[in-house]
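Visitor: A single structure is presented below for examination.
None of the figures in this text is laboratory data; all of them are computed from the coordinates on show. Note that the structure is a prediction, hence the values are computed from the model and not measured. Here the Cβ is made from the backbone with ideal geometry for all residues, glycine too, and neighbour counts use every protein chain on show.
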Amino acid sequence: ETELLRLDNIEQVFSTKGGDVPAVGGVDLKVERGKVLCLVGESGCGKTTTARAAAGLIRPTSGHIAYEGQDVKHMTRKERFDFRRAVQYIHQDPYAALNPTRTIYSTLTAGLRKHRIVTGRARSRARAVELLERVDLTPAESYLDKYPHQLSGGQRQRVNVARSLAMDPEVLICDESTSMLDVSIRVSILNTLGKLRDELNVGFLFITHDLAVAKYFAWDGEIAVMYLGKVVEHGPTPQVINDPQHPYTKALIAAVCEPDPDSARRVDATAGLRSANIPSLTNLPSGCTFHPRCPLFAAGTCDATEPPLVRLDGRRRLACHVVARDHKQAQAVG
Ligand code: SF4
């Protein structure tokens with residue numbers, strides 16, 4: 001069985017002074033052993049909330065999360081501990097994630113000592129060295145007695161990854177884990193993560209706003225594109241990148257191809273959209289929530305009913321009235 005983590009119809013509503021905010025509105029996903037699933041979308045699309053729910057850090061308002069077939073809600077204390085150990089969340093900001101008053105050795109072995117997974121100083125140090133080598137921080141001994149402020153951003157992120165490996169995880173959830181780093185450092189950390197996937201056979205849930213990163217890291221995996229709390233397109237990475245079907249995915253890809261690096265960071269009218277503004281989560285548009293921006297907008301259909309996420313072909317899923325209809329017609333003709 002390759003399936004490790006399954007999300008079924010996850011909904012997350014946050015109550016705020018301004019009203020209820022439906023951050024995630026019914027997401028189904030699964031993470032498989034040794035595979036990468038990349039969640040892509042603009043900030044505020046619900047990808048971090050989905051990831052935090054998947055890691056057990058927040059309890060979803062409704063829906064089910066299962067680890068190795070078992071519903072997280074019905075786990076015993078021991079099973080829950082094992083789940084938290086097996087599914088590790090790697091934070092976006094390596095500096096905030098590391099305790100500045102602790103040495104790298106102490107950070108890496110705190111969990112091991114607390115849960116008596118490794119005892120004795122010699123064995124703990126040996127384990128810490130092994131973890132640092134896994135993330136390509138060598139010579140590992142030279143890092144053990146350092147503090148986070150003595151390391152570069154890239155080195156800190158590697159320590160952060162090493163710490164999550166200390167618990168022998170099965171799933172790594174990386175939330176924009178490379179977005180604060182320079183391009184060359186980012187690529188080198190992505191290579192380390194890829195190596196870990198191959199060596200340790202862990203499954204990845206990888207969150208990014210950057211399609212280029214998704215393409216690089218998840219080329220033999222899958223991409224799920226999120227928009228305003230929902231998955232709008234999901235499929236094998238080469239298909240999604242080379243042959244996007246949803247108008248929003250197309251716009252995201254067009255924005256990445258923009259030569260101006262600043263405009264590449266956001267999806268706007270240059271990518272063929274009718275409006276650059278992302279609607280508010282507290283006041284979602286009717287029907288398809290993408291309709292105020294969509295170049296294919298069909299009045300009376302798109303603003304009337306929400307398009308369901310349907311299987312298009314093979315492993316590909318899509319939520320769009322117009323493209324799904326055209327696809328069906330093309331299949332009927334063909
Ligand atoms: Fe665009 Fe309509 Fe498809 Fe939504 S359902 S993405 S508005 S064509």
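Visitor: When the Debye formula is applied to the Cα atoms of the chain, each taken as the same point scatterer, what base-10 log of I(q)/I(0) results at q = 0.09, 0.10, 0.11 Å⁻¹?
Guide: Those come out to -0.51, -0.62, -0.75, one per q.
Visitor: On C-alpha positions alone, give me the angle between the axis of helix 321-333 and the longest principal axis of the chain, in degrees, nearest 10.
Guide: Roughly 70 degrees between the two axes.
Visitor: Hey, which aspartates and glutamates would be in cross-link range of Lys78, C-alpha to C-alpha under 20 Å, not counting anything within fewer than 8 residues on its own chain?
Guide: Of all the aspartates and glutamates, those that pass the test against Lys78 - Cα under 20 Å, at least 8 places apart if same chain - are Glu68, Asp168, Glu170.
Visitor: Here is a follow-up. Between the alpha-carbon centers of the range 48-76 and the range 120-199, tell me the distance in whole angstrom.
Guide: Using only Cα atoms to place each centre, the spacing works out to 26 Å.
Visitor: Using +1 at the C-beta of Lys and Arg and -1 at the C-beta of Asp and Glu, which of Val161, Val187, Val135 has the Cα lying farthest in the positive direction of the dipole of the range 130-199?
Guide: Val187
Visitor: Given an 8 Å cut-off on Cα distances and at least 6 residues of separation, report the relative contact order of the chain as a percent.
Guide: Once normalised by length, the contact order is 20 percent.
Visitor: A further question on this structure: Explain nothing, just the number: dipole magnitude of the range 3-243 about its Cα centre with +1 on each Lys and Arg Cβ and -1 on each Asp and Glu Cβ, in debye rounded to the nearest 20.
Guide: About 1280 debye.
Visitor: Helix-only mean residue ellipticity at 222 nm, the chain, DSSP H runs n ≥ 4 weighted -39,500 (n - 2.57), per residue, nearest 500. What is it?
Guide: Helix contribution divided over all residues of the chain: -10500 deg cm²/dmol.
Visitor: Now, a different point. Work out the charge dipole of the chain with +1 on the Cβ of Lys and Arg and -1 on the Cβ of Asp and Glu about the Cα centre, then indicate which of His327, Thr208, Pro148 is farthest towards its positive end.
Guide: Sorting the options by dipole projection puts first Pro148.
Visitor: Also: Work through the residues other than Pro285 whose Cβ is under 11 Å from its Cβ and net out their charges, Lys, Arg +1 and Asp, Glu -1.
Guide: Local charge sum for Pro285: -1.
Visitor: For Val187 and Gln329 in one chain, what is 0.36 nm times their gap in residues minus the Cα-Cα distance, to one decimal in nm? Write down the numbers at each step before the final one.
Guide: Details: separation 142, 0.36 × 142 = 51.12 nm, distance 4.21 nm.
Roughly 46.9 nm would be gained on extension.
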